[in-house]
Amino acid sequence: MKEKLKNVLYRIWYWYLSTIDKNAEVIFMNYGYSKENYKIELDKNDEKNRYSAQLYNYVATGINIKGKDILEVGCGRGGGLSYINRYLSPHSATGVDLNKKAIEFCKTYYSNRGIKFLQANAQNLNFQDKVFDVVINIESSHRYSQMDIFLDEVFRVLKPGGYFLFADFRHKSEIEILNKQFEDSNLRPVKKEIITANVLEALKLSTNEREKLIHKMIPKLLHSIGKKFAATEGSTTYNKFSTREYEYFFYIFKK
Ligand SMILES: C[S@@+](CC[C@H](N)C(=O)[O-])C[C@H]1O[C@@H](n2cnc3c(N)ncnc32)[C@H](O)[C@@H]1O
């Protein structure tokens, strides 16, 4: 019941963000990645999203995606897929998300940029079998009710030899379940890394920017909820990463 309620709250939050963000200020919705001496090259306009873009860069460059057909599941407001499309030269880029408003936003905001966006549930991907070289999934799966079905869907839509790039967090009580879900899938592990410290560092470095946006966009009454979702330094979410109650994973699998 508690989990169901959390799912509803997350969905309301994503819907709310899509509704209030009239000026496209929030195009990434992940916690970011930072590491010493890891500073990707970014155009001036992308600098404000440095740490979130770095998470995409770190995950997507786990393999060579140049010339590949990419599907992102849980693309949110499209900032990550747009980053991949502009900087990492895939052959094609397709993004899906459950949130209708986010997909409507993506279709308008990234029109003319060669990315396809569709509304779809991760657990029921409306694509033919074996059509993508790479499926990428960043900070979206923690709310899926049927992770095993999602993994079956990833396997189904991947071409033989294709890759699944996964990054997300779990409460410590859910880690064993997550690893079992991967073990029971048909996907073969290639890399497993815990990146909690890098995510935490990114959160610390982006707290000022995140708080500025919260103050600018959200009524005062909702500031503390905003900080919790944005995991700003000192929030309960941030503290769960710093005490390692939450761990953040980066996994690569091959079909
Ligand atoms: C924290 S946001 C991350 C978005 C994006 N990956 C990023 O890093 O900016 C999580 C996204 O997952 C989407 N999502 C949650 N459950 C989903 C599902 N069952 N199928 C597809 N998308 C889902 C949400 O609507 C939301 O846009």
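The values are calculated or read from the model by the stated rules, or taken from the named source; none is laboratory data. For clarity, every value in this text was computed on a predicted model and none was experimentally measured. Neighbour counts are summed over all protein chains in view; Cβ atoms, including those assigned to glycine, are modelled from backbone coordinates with ideal geometry.
Meeting the requirement of 2 or more residues that are within 11 Å of the ligand (Cβ to nearest atom), in contact (Cβ under 8 Å) with a residue 24 or more places away in the chain and hydroxyl-bearing (S, T, Y), the helices (runs of 4 or more DSSP H) wholly within region 32-136 are 50-60, 79-87.
Only a single item in (1) within 16 Å of the ligand (Cβ to nearest atom); (2) in a strand (DSSP E or B); (3) surrounded by fewer than 17 Cβ atoms within 10 Å (Cβ to Cβ) is not met by K192, and it is number (1).
The number of residues in region 13-31 being touching a helix residue (DSSP H, G or I) at 6+ places or on another chain (Cβ under 7 Å) and assigned to a helix (DSSP H, G or I) comes to 6.
Counting only residues that are in contact with a Lys or Arg (Cβ under 6 Å, 6 or more places away or on another chain) and surrounded by 17 or more Cβ atoms within 10 Å (Cβ to Cβ), region 156-189 holds 4 of them. When region 195-205 is filtered for residues that are part of a helix (DSSP H, G or I) and out of contact with any Gly (no Cβ under 6 Å at 6 or more places or on another chain), the ones remaining, listed by number, are T196, A197, N198, V199, L200, E201, L203, K204, L205. Residue-level check: of (1) on the phi > 0 side of the Ramachandran plot; (2) in contact with a strand residue (DSSP E or B) (Cβ under 6 Å, 6 or more places away or on another chain); (3) of a type in the set (K, R), R244 misses just (2). When region 213-239 is filtered for residues that are touching a Phe, Trp or Tyr at 6+ places or on another chain (Cβ under 7 Å) and touching a residue at least 60 places away in the same chain (Cβ under 8 Å), the ones remaining, listed by number, are F229, A231. Would you check if V131 is modelled with pLDDT of 95 or more, in contact with a helix residue (DSSP H, G or I) (Cβ under 7 Å, 6 or more places away or on another chain), buried (at least 21 other Cβ atoms within 10 Å of the Cβ) and on the phi < 0 side of the Ramachandran plot? Considered against the rule, which asks whether it is modelled with pLDDT of 95 or more, in contact with a helix residue (DSSP H, G or I) (Cβ under 7 Å, 6 or more places away or on another chain), buried (at least 21 other Cβ atoms within 10 Å of the Cβ) and on the phi < 0 side of the Ramachandran plot, V131 comes out as no.
Counting only residues that are near the ligand (Cβ under 9 Å from one of its atoms), within 12 Å of the chain's Cα centre (by Cα) and either aromatic (F, W, Y) or not in a loop (DSSP other than H, G, I, E, B) (or both), how many does region 140-167 have? Looking only at that region, the number is 4. Return yes when N137 is at pLDDT below 95 and closer than 25 Å to H171 by Cα and no when it is not. No; evaluated as a whole, the condition is false for this residue.
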